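All remarks here apply to the structure that follows.
The values are calculated or read from the model by the stated rules, or taken from the named source; none is laboratory data. Remember, it's a predicted structure, so these values are computed and weren't measured experimentally. All Cβ positions, even for glycine, are placed from backbone atoms using ideal geometry, and neighbour counts span all protein chains on display. In case anyone asks, the SASA skips ligands and DNA or RNA and just uses the protein heavy atoms, side chains included. Shrake-Rupley method; radii C 1.70, N 1.55, O 1.52, S 1.80 Å.
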Amino acid sequence: QVPLVESGGRVVQAGESLRLSCAASSAVFRFNTMGWYRQAPGKQRESVAWITTTALENYADSVKGRFTIARDNVVYKLYLQMNNLKPEDTGVYYCAPWPTWSGSWGQGTQVTVSS
């Protein structure tokens, strides 16, 4: 079973919204704080948002007020609602345990925001 599968990315205009989804294996999801990460072209992967097993949310300053992270502990899914998207949000988005993950990363899902 692939431990992490991201989906939902596409090309959008600035100001639009997207909802990303991540399907995780129970072994990865159940007892971990889970996070969304993104990697912009030519840059290192960075944390965007993370959520504890008890649904406490945290966000990077760059997305605070625009993105909302959520998790479904029954079906082991992670979500990222992204509103008012900006060109600087462009990148490949990944989900994984937070703050570190030494396992296999998923393929990610590409989000491209055009101005």
Counting each DSSP H run of 4 or more residues in the chain as -39500 (n - 2.57), what helix-only mean residue ellipticity at 222 nm follows after dividing by all residues, to the nearest 500 deg cm²/dmol?
-500 deg cm²/dmol
Residue of Gly42, Gly91, Gly65 that the Gaussian network model of the chain assigns the largest fluctuation, springs spanning Cα pairs under 10 Å
Gly42
If I compute solvent accessible area with a 1.4 Å probe over the protein chains, what percent of it on the chain is carbon and sulfur?
48
How big is the charge dipole of region 20-78 about its Cα centre, in debye rounded to the nearest 20, if each Lys and Arg gets +1 on its Cβ and each Asp and Glu gets -1 on its Cβ?
120
Cα-centre dipole for the chain with unit charges at Cβ (Lys and Arg positive, Asp and Glu negative), debye to 20:
80
For the chain, the convex hull over Cα atoms projects on average to an area in nm² of 6.6
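Per residue, how large is the accessible surface of the chain? Use a 1.4 angstrom probe and give square angstrom.
Details: 6080 Å² over 115 residues.
Here the per-residue accessible area is 53 Å².
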Simple SL model, points at 7 angstrom along Cα→Cβ for Val74 and Thr112; separation in nm is 3.7
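When ranked by the protection proxy of mean other Cβ atoms within 10 Å per residue, highest first, what sequence do the peptides 23-36, 45-58 form? It would help to have the intermediate numbers written out before the result.
Numbers: 23-36: 17.8, 45-58: 15.7.
Descending mean neighbour count gives 23-36, 45-58.
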Report, please, the projected area of region 7-63 averaged over directions, based on the convex hull of its C-alpha atoms, in nm².
5.1
Picking from Tyr94, Tyr76, Tyr37, which is most flexible by a Gaussian network model of the chain using Cα springs under 10 Å?
Tyr76
Through the Karplus equation 6.51 cos²θ - 1.76 cosθ + 1.60, θ set to phi - 60°, convert the phi angles of region 93-99 into ³J(HN,Hα) values in whole Hz; use x for Gly and Pro.
9, 10, 10, 5, x, 10, x
